[in-house]
Amino acid sequence: MKKPYNETWIINLNIQNISQSWLKKNLITLKQLEQITTDFPESFYKPGIFVKTGLFLFTILAGSFFSGFISLFFLENSTDKIFTVISIVCAICYFFALEYAIKDRKLFHSGIDNALLYMAAVAALVPVFLTFDHLKIWQYCLIVLIVNSFLVIRYADILIAFISVAALYVMFANIILASPQLKPILPFCLMLISAIIYFLNQADYGLYYKNCQLVIKTVALMVFYLGGNYYVVREGNALLADLLTPIAPQIPFSALFYILTTTIPLTYIYFGLKNKDRILLITGLLTTAFSAFTYRYYFDIIPMEIILILAGFVLIILTISCIYYFKTARFGLSDEKSEGQNIANLEALLIAHQFGQAPTGDHLNFGGGDFGGGGAGNSY
Amino acid sequence: MTTKSILESFTQKGILPEEQAVLITEYERTKSFSIHRELRAILYLGITLLTTGLGILIYKNIDTIGHQAIIALIAASIIACFYHLFKNRQPFSRGMVINTDQFSEYILILACTLFLTLEGYLQYQYQFFGTRYGIAIFIPTVLFFFLAYRFDNKAVLSMGITGLASWLGLTISPLSVLEKNDFTAPGIIITGIVLGIALVVISWLSEKNDIKSHFGFTYMLLGGNLAAISGLAGLFNNDPKIIYFLITAALCTFLIQNARKTQSLIFLLMGVIYGYIAVTYAAFVFLPDSVLAALSIFYFLFTSLGVLFFLLNVKKILGLKK
């Protein structure tokens with residue numbers, strides 16, 4: 001399928017970014033970088049995150065009032081059929097606007113095209129849902145999956161990619177739950193599906209889909225972990241069986257799930273560090289936090305505050321020794337500071353948001369703030 | 001596409017000589033994987049867990065552990081933190097200070113958090129400040145401002161500004177300005193506008209006189225946000241509306257203009273969004289009904305298209321470099 005975004009420019013953009021990082025390491029000279037920029041040109045319109053947000057919001061606003069404007073013509077009778085017509089008209093307009101915006105204004109995931117794409121996708125799906133209103137969940141998911149897959153292949157948008165994968169999972173889960181033979185092994189089925197998705201996704205589909213692949217990879221890793229997590233399986237089992245007991249009953253193979261809860265995050269972290277794969281590493285850290293929560297939930301022996309103090313203490317000691325240890329690079333790992341002044345600015349505000357509440361007389365606030373956020377929060 | 005293919009195309013086009021390409025290949029092969037951010041995130045998490053845990057522990061055992069013992073322990077920790085800070089301090093400078101000690105930043109935050117704990121404890125147990133809560137908030141505020149400037153720390157500066165705002169009865173944190181402030185309370189809107197504008201002015205002055213000009217961002221973000229939201233709240237609830245409208249509009253114009261100087265375009269976004277809300281509301285309040293009836297169908301469609309056009313061409317219109 002022909003792609004709306006200029007592929008050569010995407011490749012050139014990547015080349016320029018890599019060259020920028022080489023320039024920072026003094027591997028190439030400024031003059032060489034200029035030469036590279038002229039030899040590998042790109043002229044995408046790429047605003048910063050804040051302008052992008054503004055563009056996104058106001059496109060949504062304009063789009064919604066456009067659909068309102070269209071529906072003014074059909075005010076007399078508001079049946080499902082009329083609504084279907086309005087949706088189709090809107091969807092067509094949005095897609096035209098989207099193609100025009102990409103081709104003519106040279107947008108590249110710059111807010112406007114994202115917003116138009118999402119609105120077009122919604123407007124295109126509404127008639128389907130209105131026409132077929134007695135389908136099973138998996139059939140709806142299949143429709144969503146098919147439509148969104150086409151959109152992903154053409155526009156390579158990360159949210160659409162995420163929705164496609166989510167629809168895929170819900171579809172399979174729904175099918176599995178409907179069959180009595182497969183229902184008991186739902187966790188293993190989900191893990192198997194995740195593994196298949198992960199390995200299919202490992203192939204190189206080109207730079208055009210790089211970010212989509214990262215999203216799909218993250219989702220696959222997360223679902224694989226959650227499928228093997230003891231807490232999710234036990235509580236999910238109780239939920240699906242409609243058991244209203246205060247404590248979810250024990251599940252079969254509990255030992256296996258306990259082992260999986262421990263080993264999956266550790267494996268993620270190990271391979272993340274070994275293969276220099278940041279997605280694996282961060283997923284590993286987040287899932288470690290969830291595993292800690294799982295164990296704490298079922299083994300409520302030590303009081304909370306002791307655990308917090310011990311965990312905090314261990315984490316501080318561990319990180320400080322790591323920071324010292326990796327001062328010089330070892331095993332291909334280092335503690336080198338990366339760029340990003342804007343993140344530093346926002347980080348400061350987050351810290352103030354969390355710690356900064358001054359004591360207000362009558363009500364005591366022991367400095368700490370909440371300890372939620374489950375895992376490596378502040379920097380991402 | 002790999003590094004190798006990129007380098008090959010570079011050497012073919014004669015941008016890089018062969019030897020340099022070999023050098024870069026070698027660098028790419030041996031380059032290390034930085035876990036700096038991950039380690040810092042875990043460190044923050046550790047500090048949060050530890051301080052929370054200590055807080056709960058003290059709270060639960062308030063009757064069994066001697067009060068003096070707890071206070072002494074916290075005070076000793078604070079002193080230890082400050083000892084480390086002053087031992088590794090850098091000379092004061094009006095510009096940005098890069099501290100060679102890796103942990104100073106975190107220890108400073110820890111010390112400030114502990115100080116708040118200590119003060120809260122003293123007030124809870126001994127009514128140290130009696131009913132004069134103002135002083136209880138004012139002391140850490142002054143301390144945090146001093147520490148922020150002395151040790152050049154933006155996080156502590158934000159904590160100081162937060163303290164200053166809560167001394168005046170306001171919540172300033174951008175994530176909770178709307179939900180935590182009760183804008184129907186009398187006077188709070190005026191306070192919000194005055195404090196917000198004062199912070200914006202401080203930001204402008206710091207940048208103009210080059211006193212810790214990198215603090216400008218923090219002042220501007222917190223102050224601008226507070227002032228704009230207070231101004232909008234005033235516009236919605238209070239009379240005379242025209243005054244609140246003019247204040248908000250002036251502030252938004254300033255924020256948009258300011259994007260020309262500052263690196264970050266976040267102020268541009270704030271100015272555009274708050275300005276749009278203010279102008280839209282004002283249009284619906286001030287315009288006569290006959291005009292409105294004709295306008296209302298097209299208003300949002302065309303104004304939002306107008307804003308989109310402005311944002312798309314913002315670099316040309318404002319003459320931004322970036």
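Read-outs throughout are calculated quantities, based only on the coordinates presented, and are distinct from any laboratory measurement. Everything quoted here is computed from the prediction, not taken from an experiment. Positions of Cβ are generated from backbone atoms using ideal geometry, with glycine treated the same way; all protein chains shown enter the neighbour counts.
Side notes on the structure shown:
- Inter-chain shielding of A:21-34 (mean C-beta neighbours from other protein chains, 10 Å cut-off): 3
- Other residues lying with their Cβ under 13 Å from the Cβ of residue B:143 contribute a combined charge of 0, Lys and Arg counting +1, Asp and Glu -1.
- Shielding of peptide B:150-161 by partners, expressed as the average count of other chain Cβ atoms within 10 Å per residue Cβ, is 4.
- Mean Cα-pair separation over length for region B:42-167, i.e. relative contact order, pairs under 8 Å, 6 or more apart, %: 22 percent
- Between residue B:90 and residue A:279, the C-beta separation translates, for a Förster distance of 56 Å, into a calculated FRET efficiency of about 0.90.
- Taking amide H atoms as placed 1.01 Å from N in the peptide plane, the amide H of residue B:33 lies under 5 Å from those of A:333, A:334, each 5 or more residues away in sequence or on another chain.
- Bins of 20 Å, starting at 0 and running to the largest distance - Cα pair percent for the protein assembly as shown: 14, 41, 40, 6
- For the segment A:220-230, counting C-beta atoms of other chains within 10 Å of every residue's C-beta and taking the mean gives 0.
- GNM top mover of B:84, B:67, B:36 - chain B, alpha-carbon springs below 10 Å: B:36
- Per-residue packing, averaged as other Cβ atoms within 10 Å, sorts the ranges A:129-139, A:151-161 into the order A:151-161, A:129-139, beginning with the highest.
- Candidates A:38, A:261, A:287, ranked by Gaussian network fluctuation over chain A, Cα under 10 Å, top entry: A:38
- The protein assembly as shown - mean residue ellipticity at 222 nm from DSSP helices (-39,500 (n - 2.57) per run, n ≥ 4, rounded to 500): -24500 deg cm²/dmol
- Each peptide in B:147-155, B:288-296, A:142-150 gets a packing score, the mean of other Cβ atoms within 10 Å over its residues, and the list from highest to lowest is B:147-155, A:142-150, B:288-296.
- Length, then width, then depth: along the principal axes, the Cα atoms of chain A run 66, 66, 55 Å.
- Using the Cβ-Cβ distance between residue B:25 and residue A:208 with R0 = 30 Å, the FRET efficiency computed as 1/(1 + (r/R0)^6) comes to roughly 0.75.
- Choice from A:203, A:101, A:121 showing the highest fluctuation, given a GNM over chain A with Cα pairs closer than 10 Å: A:203
- Under the Debye formula (equal points on every Cα, no solvent term), log10 I(q)/I(0) of region A:23-94 at q = 0.23 Å⁻¹: -1.00
- When the C-alpha to C-alpha distance is required to be over 26 Å, the pairs from A:3/A:217; A:327/B:4; A:276/A:327 that qualify are A:327/B:4.
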